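**Q** One structure coming up, written as structure tokens, with questions to follow.
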Amino acid sequence: MADELVLSLGEARRLAIRSQHLAGPEPVRGIGGMRQVLRGLRVLQIDPVNVVARSHLLVLWSRLGPFDRDDLDKLLWRQRWLFEYWAHAASIVLTEDYPRSVTRARPPAYPRLWVSRPGGRAGRRPGEEGPGSTGQGGR
């Protein structure tokens, strides 16, 4: 077992900022720098809403500066170094993290109100007893 790592609050903050590539030495140019940043981030959240650009592109731009978007396409679609996955949200994930991703995958559970209610009464499951109304959910 490794020795315990003890950090001050300031050291922990600096480590978090640096590991997110928001401080420290600039990454190398090109696809190698993109790999370096993506290894540090591990996941890029995909947000289809864009005002300036899509969020995953803004995250890379904020760390790399101007970059060739084709490099991201190469890593994602041609080299399969990355893959799209529903992590905490729609995301681009490192392929090397695939084993970690699939072990966390679980089928969605029914909301708690359908499993039990105060007083031990079981709630309705979707589709049982015909359609319900939105007002029935919390009763």
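Just so it is clear, none of the values below were taken in a lab; they were calculated from the coordinates. All figures in this text were calculated on a predicted structure; none of them were measured in a lab. Note that we place each Cβ from the backbone using ideal geometry, even for glycine, and neighbour counts take in every protein chain shown.
**Q** What distance in nm separates the two pseudo spin-label positions at PHE83 and VAL102, each 7 Å out from Cα along the beta-carbon direction?
**A** Between PHE83 and VAL102, the simple spin-label model gives 0.6 nm.
**Q** Given the C-alpha atoms of the stretch 11-97, compute the convex hull and give its volume per residue in Å³. List each step's numbers first, then the result.
**A** Values: hull volume 9.3 nm³, N = 87.
Cα convex hull per residue, to the nearest whole number: 107 Å³.
**Q** So what J values fall out for the stretch 37-43 if you push phi through Karplus, 6.51 cos²θ - 1.76 cosθ + 1.60 with θ = phi - 60°, rounded to Hz, Gly and Pro as x?
**A** 3J(HN,Hα) across the stretch 37-43, in whole Hz: 5, 5, 5, x, 7, 6, 9.
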